[in-house]
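**Q** Have a look at this one.
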Amino acid sequence: MRVSGVLRLLALIFALVATWIFISSYISFNMKTLRLPRWLAVVRTKCGLSKPCPDNFFAFKISSGAANVVGPRMCFENFVIMSPVKNNVGRGLNIALVNGTTGLVLTQNCFDMYSGDINLLVKFLKKIPEGTLVLMASYDDPGTKMNDETRKLLSSLGSSYANQLGFRDSWVFLGAKDLKDKSPFEQFLKNNPDTNKYDGWPELLELEGCVPQKRKAWPSMAAQ
């Protein structure tokens, strides 16, 4: 019984070795040749964009706040600048400044547009350096304290909706200090009781896209 058992074990080992040699020799089973079909491959993009950005473009994604419950989120080149998790967002307008050439984050801040001091926002906007990208997202109420001077400054950054921004509107925007035309990266939803998704607020907005490092290319671009 013991001899027959040993023979069976040897036969099994021989069969396994022979099978492995066959696979290695004729099917070339190795990690280099084993590839998933392209349609099954998972492509990781910066900021989770629907498609990767080409060379010399910055990837970004901006989400507005949802009602007065969930704060906004900003991602630039796969770096989350502002989010509820980072605990650096607030009611009103949330703003991040990014160097338009290097893509480095310069600063971020939030301004209470319901009961805050509008002069703080005006001073902030006036000090934005030339060539700076400006990312903005609303949360709860971005418009109650808005005045003509603020709307003019926001429009000069490329906004098409600054003059309409009001109480509890939803707004996401990416502009630039030296932009000569209107930015193609902007979404806006008016607070309307007949169309609001939430009780007293329009739905959350999400803006994503690829920003060319040279702003002269912006007129031909559109947000994804």
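The values are calculated or read from the model by the stated rules, or taken from the named source; none is laboratory data. Every value quoted in this text rests on a predicted model; they were computed, and no experiment measured them. Note that we place each Cβ from the backbone using ideal geometry, even for glycine, and neighbour counts take in every protein chain shown. The protein model used for the area step is the full one, side chains on, heavy atoms only, and it has no ligands, DNA or RNA in it. Shrake-Rupley method; radii C 1.70, N 1.55, O 1.52, S 1.80 Å.
**Q** Among the listed residues Phe173, Phe188, Phe167, which satisfies the condition of being free of Cβ contacts under 8 Å to residues at least 60 places away in the same chain and either of a type in the set (D, E, K, R) or open to solvent by less than 50 Å² (accessible area, probe 1.4 Å) (or both)?
**A** Result of the check over Phe173, Phe188, Phe167: Phe188.
**Q** Provide a single number: the residues in the stretch 132-155 that are open to solvent by 10 Å² or more (accessible area, probe 1.4 Å) and touching a residue at least 60 places away in the same chain (Cβ under 8 Å).
**A** Restricting attention to the stretch 132-155, the residues satisfying the condition of being open to solvent by 10 Å² or more (accessible area, probe 1.4 Å) are 139-140, 144-149, 151-153, 155.
From the residues that got through so far, the ones that are touching a residue at least 60 places away in the same chain (Cβ under 8 Å) too are 139-140.
Counting residues in the stretch 132-155 that are open to solvent by 10 Å² or more (accessible area, probe 1.4 Å) and touching a residue at least 60 places away in the same chain (Cβ under 8 Å) gives 2.
**Q** Considering each residue of the stretch 166-204, count those that are among the β-branched types (Val, Ile, Thr) and in a loop (DSSP other than H, G, I, E, B), and give that number. If you could, list the steps in order and put the result at the bottom.
**A** Start the filter on the stretch 166-204 by keeping residues that are among the β-branched types (Val, Ile, Thr), which leaves 172, 195.
Adding the requirement that they be in a loop (DSSP other than H, G, I, E, B) leaves 195.
Final tally of qualifying residues: 1.
**Q** Between Ala66, Ala96, Ala59, which is in the same structural domain as Ala137 (by the TED database), small (Gly, Ala, Ser) and touching a helix residue (DSSP H, G or I) at 6+ places or on another chain (Cβ under 8 Å)?
**A** Values: Ala66 fails: touching a helix residue (DSSP H, G or I) at 6+ places or on another chain (Cβ under 8 Å); Ala96 fails: touching a helix residue (DSSP H, G or I) at 6+ places or on another chain (Cβ under 8 Å).
None of the other options fit; the residue is Ala59.
**Q** Continuing with this model, one more query. Considering each residue of the stretch 122-159, count those that are of a type in the set (Ser, Thr, Tyr) and in a loop (DSSP other than H, G, I, E, B), and give that number.
**A** Residues that pass the stated criteria total 2.
**Q** Got a number for residues in the stretch 49-81 being within 29 Å of Asp199 (Cα to Cα), open to solvent by 80 Å² or more (accessible area, probe 1.4 Å) and under 11 Å from the mean Cα position of the chain (by Cα)?
**A** Number of matching residues: 1.
**Q** Something else: Quick check on my filter: what residues within the stretch 72-119 are part of a loop (DSSP other than H, G, I, E, B) and within 20 Å of Gly166 (Cβ to Cβ)?
**A** Once the filter is applied, which keeps residues that are part of a loop (DSSP other than H, G, I, E, B) and within 20 Å of Gly166 (Cβ to Cβ), the stretch 72-119 yields Pro72, Gly90, Arg91, Asp112, Met113, Tyr114, Ser115, Gly116, Asp117.
**Q** Could you list, in sequence order, all residues of the stretch 49-71 that are among the hydrophobic types (A, V, I, L, M, F, W, C), at pLDDT 95 or above and part of a strand (DSSP E or B)?
**A** Phe57, Phe58, Ala59, Phe60, Ile62
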